[in-house]
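Here is the structure we will look at, set down as structure tokens.
The values are calculated or read from the model by the stated rules, or taken from the named source; none is laboratory data. These numbers come from a predicted model, not from an experiment. With ideal geometry, Cβ positions are generated from the backbone for all residues, glycine too; neighbour counts draw on all protein chains shown.
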Amino acid sequence: MNHRARTLLTLRLAALAILGLGGMILAQTPSISQSAGFTVVGPRVFPIIVGTGCLFFGTLFFLRATVIPDRALIEDIIAEEQRTDWSTTLLLLGILITYAAILSPLGYVIATTLFFPLSSRVLGSPRLRRDTLVGLVISVVIYVTFTRLLGVRLPAGLLGALL
Amino acid sequence: MQAALSATTGQTVQVYNVSGAGGTIGLAQFVNEAKGKPHELMVGGLVMVGAIQTNKAPVSLSQVTPIALLTAEAEAIVVPADSKYQTLQELITDFKANPTAIVWGGGSAGGTDHILVGLIAKTVGVAPNQVNYIAYSGGGEATAAILSGAVTAGVSGVSEFAEQVAAGTMRMLAVSSEQRIEGVGAPTLKEAGVDVALMNWRAVFGAPDLTAEQRAAIIATFAKMHASKEWQDALAKNGWSDFFRTGDEFNSFLNNEMTRIGGVLRDLGLVQ
Amino acid sequence: MLSAISGFANVLTPQYLLLAAIGVTIGTAIGVLPGIGPVLTVALLLPLTYNFDPTGALIMFAGIYYGGMDGGSTTSILLNTPGESASVATTFEGFAMAKSGRAGAALATAAVGSFVAGTLSPILLTFVAPLLARVALLFQPADYFALTVLAFVSVTALVGSSVIRGMISLFIGLFFGLIGIDILSGQVRMTFGIVELLDGIDVVVVAVGLFAVGEALYVASQLRHSKEEILSVRSSIWMNCEEWQRSWPAWLRGALIGFSLGALPAGGAEIPTFLSYTIEKRLSKHKEEWGHGAIEGVAGPEAANNAAFSGVLVPLLTLSLPTSATAAILLAAFQIYNLQPGPLLFQKAPDLVWTLVASLYIGNMMLLILNLPLIRIWVKILTIPRPLLYSGILVFGTLGVYSMANSFIDVLLMYAIGVIGFFMRRFQLPVGPAILGLILLPLAEAQFRRALAISQGDLSVFVPRPLSLGLLLAALAALVLPYLPALAARLTGKQTGPRRLVFGKGDED
């Protein structure tokens, strides 16, 4: 598949996603219970409006990606697609999700000290050792400031006894 | 309460605010995480009783250990100063004649204010589906709505309206306590001919699965706190009235409230 | 008027002066850094509210907000990357000036212009807000609803290159706004059985997701092709006689545009900056310089974005209507203290309001010092390596959302919204309408339903009130306005320029 076809496909998929969102909202609406008190406009009305709006503008968006193409937009996206580095993006997303998952079990300081240099590496920083040090300093400073000064609870994790 | 409790126990007391959904989210966390830990406590009240039922929460107050009732506040019914209603009776007469024309404004749906309006409707014989209640997200928003004349009558805690009533921009028609409140001119609902009393109470609960000894120890701590000067000062400062009850007295009170509130919420259609 | 003066007396206490100084300093720093904005910063510092009195905390938060507007100009001029979305318009002429060696003059006109606007607009606020507060007491649900409609329409019709894409963004935001417990009926909507969603999606989660995480993912995706050079400031940071003469009318116009459009519920500071840019370009006597560094093109927008902050405070303080993500967080800060902005705020807490307003004057003086003599320190911040900067932004963003409720679900939700933000950027869907949709949907819906409950179902409740009618007509005007020039051209038989006017890129924050 060439760039152009692939870009057009992603744009159409985006429009379909909006249509899907509209459909999902409308499908969810009947499960909202109606209150038995005196109500003129119940809790289902706005979901119906929002769902219908998604379907309407999603359809228009889809038309601009198919029958009456929005050429300026499509050229822009094609140019951007050629510059896009998908593996880096996905890798960064994976690291982020892992970070969120280990925050509580490993504790804030350890998780952040691991996350910071890895994320910097993925984003193109060549100096792993310096970044690890920076990550450690940042996480300790944040942990102490937030738990001691601001009174916000952050997970201590494995270092629970130490901190 | 943090200050009073830590002065009583001589230890620092940490407070975590778990906001959200009338306390249901906090309760769910508490039930799951604090099980059997005697040092974890939770504050909840009438609002939570209602929210658990309306939100179809997967947890309930019967899973935690009741410790002590702490405070209670009466509700007040007010109208703007230029309203034609001088007394509660006049308001109720019109309410019975043309229910939906009386627009009640107050706090969130299923909250204390809504419950009170539901109880009043039930008592005076108005069908719940004729109650035109408009929920606002808080007392401040409701106050603005009452003053703008958007709603006929406002319902909220007595302290919420005190300032406006003193300034003469609102008129208090009735309070929801059993007895008249000192310094407040309005009659009780019962005096005004509506046989309803409702207090917005707050209580402290211990973790699920506590032993009898653990429970007794915590109750003792709170009895001590209740007697402390710090606590009495805090009550005065915040305008809370004392409602201290522990043990079986609290248990039976809690059970009664859960049944009564559940009934009203079902009538109002908030709980299926 | 008396309380306005006592506000000045209050703000001159050491504690408040210090908090204002801290606020504008933090604000300038985060303004200089791309990707980290006032929303995230104020959200991170929200726990401070438990330790400070409300006046002190709000003085600091306000300082962060307008300090960020100032800091953003530095990045726009030297890096050609807007530090804040409200500084996008500044990049056009500002970077061109810097390239031709006039960075000093550009930075100076931005700093002095912000100061002029930052001094004038609180004066307007001082007179307009109490008046509006009195009118606002008469606002009924129907009027509030009309006001939110005006906000929705103006932000989608005036911002962005395509109305369709603006509307799609708005509806994505409206969908987020539906999630949680419906305030009027107490019923649960669109939570898919997730307990954490009962309370709705916090604006912090959405704003940090769309802006910070979306931006970081975007940077990662374009890594192979990004090259950035920071232009150095060689010349002295001052203006010559001619530059002064050309700057001051632009400052005054910018301040006026910024304040008035900020006060209309149209989503904050971005529209006024673009409008100011467009107007300066039309009025300029030096048309040949545009694109090569016309100083008016920096002076106008920079005055406008600073004045817009005072403008945004008008609906926030008098109507409790937040028109940008940061304003929504300021509203949350008020509510933590059990203070409800709205018509009654001016009666209930006049001290707080006027001390806050007075702090705007003082804070602006501090900003002038931060931005003229000390500018070289801020330029240093720009030398932080990009990978570390974006990793840091992700750490702070995660911290901001996690610390709200210690919830893993919230963090995952923010990342998911970050992915949505990434694709919205790619398909050129403006982010501003989504944020506004999320903030205002609950308000618009509640007021619409209240209006009909009060009228017992009579739809004409929206018509006989002159206030509602006027606002709804204004919404219609905003929808039509962008097409007027093209329409006029067609009627007179000339075919010129673009089909509709565009006032911004739509990444308001």
**Asked** Looking at residue C:190, is it aliphatic (A, V, I, L, M) and under 21 Å from the mean Cα position of the chain (by Cα)?
**Response** no
**Fill in**
Here the residues within region C:445-475 that are part of a helix (DSSP H, G or I) and out of contact with any Leu (no Cβ under 9 Å at 6 or more places or on another chain) are C:448, C:451, C:454, C:460, C:466, C:469, C:470, C:473
**Asked** Restricting attention to region C:67-81, which residues are within 13 Å of residue C:33 (Cβ to Cβ) and surrounded by fewer than 24 Cβ atoms within 10 Å (Cβ to Cβ)?
**Response** C:79, C:81
**Request:** Select from region B:145-158 the residues that are facing chain C (nearest Cβ under 8 Å) and modelled with pLDDT of 90 or more and list them in ascending order.
**Result:** B:151
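So that you can scan it fast, the table gives a plain yes or no per residue for (1) modelled with pLDDT of 85 or more; (2) over 30 Å from residue A:19 (Cβ atoms):
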| residue | (1), (2) |
| --- | --- |
| C:179 | yes, no |
| C:186 | no, yes |
| C:190 | yes, no |
| C:195 | no, no |
| C:238 | no, yes |
| C:244 | yes, yes |
| C:258 | yes, yes |
**Message:** When you check residue A:148 against the structure, is it within 8 Å of chain C (Cβ to nearest Cβ) and either in a helix (DSSP H, G or I) or buried (at least 17 other Cβ atoms within 10 Å of the Cβ) (or both), yes or no?
**Reply:** no
**Message:** Here's a check for you: in region B:98-113, which residue that is more than 8 Å from every other protein chain (Cβ to nearest Cβ) and part of a helix (DSSP H, G or I) is surrounded by the most Cβ atoms within 10 Å (Cβ to Cβ)?
**Reply:** B:113
**Item:** All positions within region B:56-74 that are touching a strand residue (DSSP E or B) at 6+ places or on another chain (Cβ under 6 Å) and either modelled with pLDDT under 85 or among the charged types (D, E, K, R) (or both)
**Value:** B:73
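Condition check ((1) among the hydroxyl-bearing types (Ser, Thr, Tyr); (2) modelled with pLDDT of 90 or more; (3) buried (at least 19 other Cβ atoms within 10 Å of the Cβ)) across all residues:
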residue: B:191; (1), (2), (3): no, yes, no
residue: B:213; (1), (2), (3): no, no, no
residue: B:216; (1), (2), (3): no, no, no
residue: B:226; (1), (2), (3): no, no, no
residue: B:237; (1), (2), (3): no, no, no
residue: B:253; (1), (2), (3): no, yes, no
residue: B:267; (1), (2), (3): no, no, yes
**Asked** Name the pairs: first residue in region A:118-139 and more than 7 Å from chain C (Cβ to nearest Cβ) and closer than 17 Å to residue C:220 by Cα, second residue modelled with pLDDT under 95 and part of a loop (DSSP other than H, G, I, E, B), Cβ to Cβ under 6 Å, at least 6 apart or on different chains?
**Response** none
**residue A:105 vs. criteria surrounded by 15 or more Cβ atoms within 10 Å (Cβ to Cβ), touching a Gly at 6+ places or on another chain (Cβ under 9 Å) and either more than 10 Å from every other protein chain (Cβ to nearest Cβ) or not in a loop (DSSP other than H, G, I, E, B) (or both)** = no
**Asked** Taking helices (runs of 4 or more DSSP H) that do not extend beyond region A:1-93, which have at least 3 residues that are at pLDDT 90 or above?
**Response** A:3-28, A:45-65
**Message:** Let me spell it out: the conditions are (1) surrounded by fewer than 22 Cβ atoms within 10 Å (Cβ to Cβ); (2) touching a strand residue (DSSP E or B) at 6+ places or on another chain (Cβ under 8 Å); (3) part of a helix (DSSP H, G or I), and residue B:160 meets all of them except one. Which number is the exception?
**Reply:** (1)
**Request:** Determine, yes or no, whether residue A:133 is out of contact with any strand residue (DSSP E or B) (no Cβ under 9 Å at 6 or more places or on another chain), modelled with pLDDT of 95 or more and outside any loop (DSSP other than H, G, I, E, B).
**Result:** yes
**Item:** Those residues of region B:115-144 which are crowded, with 24+ Cβ neighbours inside 10 Å, facing chain C (nearest Cβ under 9 Å) and assigned to a helix (DSSP H, G or I), in sequence order
**Value:** B:143
**Request:** Determine, yes or no, whether residue C:163 is of a type in the set (A, V, I, L, M, F, W, C) and touching a residue at least 60 places away in the same chain (Cβ under 8 Å).
**Result:** no
**Request:** Please state which of the following conditions residue B:161 fails to meet, knowing it meets all the rest: (1) more than 10 Å from chain C (Cβ to nearest Cβ); (2) at pLDDT below 90; (3) over 26 Å from residue B:48 (Cα atoms).
**Result:** (3)
**Asked** Within the set of pairs 6 or more residues apart or between chains, which connect a residue that is at the interface with another protein chain (Cβ under 8 Å from one of its Cβ atoms) inside region A:23-50 to a residue that is β-branched (Val, Ile, Thr) and surrounded by fewer than 17 Cβ atoms within 10 Å (Cβ to Cβ) with Cβ atoms less than 6 Å apart?
**Response** A:38/B:100
**Residue under evaluation residue B:54, criteria (1) more than 12 Å from chain C (Cβ to nearest Cβ); (2) within 20 Å of the chain's Cα centre (by Cα), criterion not met** = (1)
**Asked** Somewhere in region C:41-52, is a residue assigned to a loop (DSSP other than H, G, I, E, B) and either more than 24 Å from residue C:110 (Cα to Cα) or within 14 Å of chain A (Cβ to nearest Cβ) (or both)?
**Response** yes
**Test set (1) more than 14 Å from the chain's Cα centre (by Cα); (2) within 19 Å of residue B:91 (Cβ to Cβ); (3) not aliphatic (A, V, I, L, M) - residue B:176 fails condition number** = (1)
**Request:** Write out, first by first residue and then by second, each pair whose Cβ atoms fall under 6 Å of each other, whose residues are 6+ apart or on separate chains, and whose first residue, in region C:335-351, is more than 7 Å from every other protein chain (Cβ to nearest Cβ) while the second is assigned to a helix (DSSP H, G or I) and of a type in the set (Gly, Ala, Ser).
**Result:** C:346/C:133; C:350/C:3
